[in-house]
Amino acid sequence: MSKAKQAVAIISVIVVLLAAVYAVVFAYRNIPVTYDGADTNVVDLYNDPQSYDVSDPDGVADIIVKENLDKTMAVNNVSAVVFDWRGFDTLGESFILLTAIAGSFVILGIHRKKKNAGKEENKE
């Protein structure tokens, strides 16, 4: 790799990292927090989720806390979100990952066959 290409690669990485840092700082300063969970008593919520006062959360947290047990029959809200509400999304991501792995093996297999064929021709 020539020095010019190395310099371009290093500058590109630095620009991307600086843009990411700027985006994180901008989001941290300008996006308000909707619900921080500071007043949530986790032990009471876990022991008796039906009678727990859920009037404090807002937005999506309100829906998850109020309707989790009725809709998913899962006591753990995190498991309910990941496996029940986002199950199809997780399944799609798994399918994409497996497709990428299979495609990589196919591409590497074709390259390996060409490489082995070239070695056999050189032996003759």
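Here are some notes:
- Output for the range 50-81, where each listed residue is surrounded by 12 or more Cβ atoms within 10 Å (Cβ to Cβ), modelled with pLDDT under 70 and in a loop (DSSP other than H, G, I, E, B): Tyr52, Val54, Asp56, Pro57
- Annotation for the range 33-40: no member residue is under 29 Å from Glu93 (Cβ atoms), at pLDDT 75 or above and surrounded by 10 or more Cβ atoms within 10 Å (Cβ to Cβ).
- Answer residue from the range 82-124, given it is at pLDDT 80 or above and aromatic (Phe, Trp, Tyr) and is farthest from Asp48 (Cα to Cα) among those: Phe105
The values are calculated or read from the model by the stated rules, or taken from the named source; none is laboratory data. Please read these numbers as outputs of a predicted model, since none were measured by experiment. Heads up, the Cβs are rebuilt from the backbone with ideal geometry, glycines too, and the neighbour counts pull from every protein chain shown.
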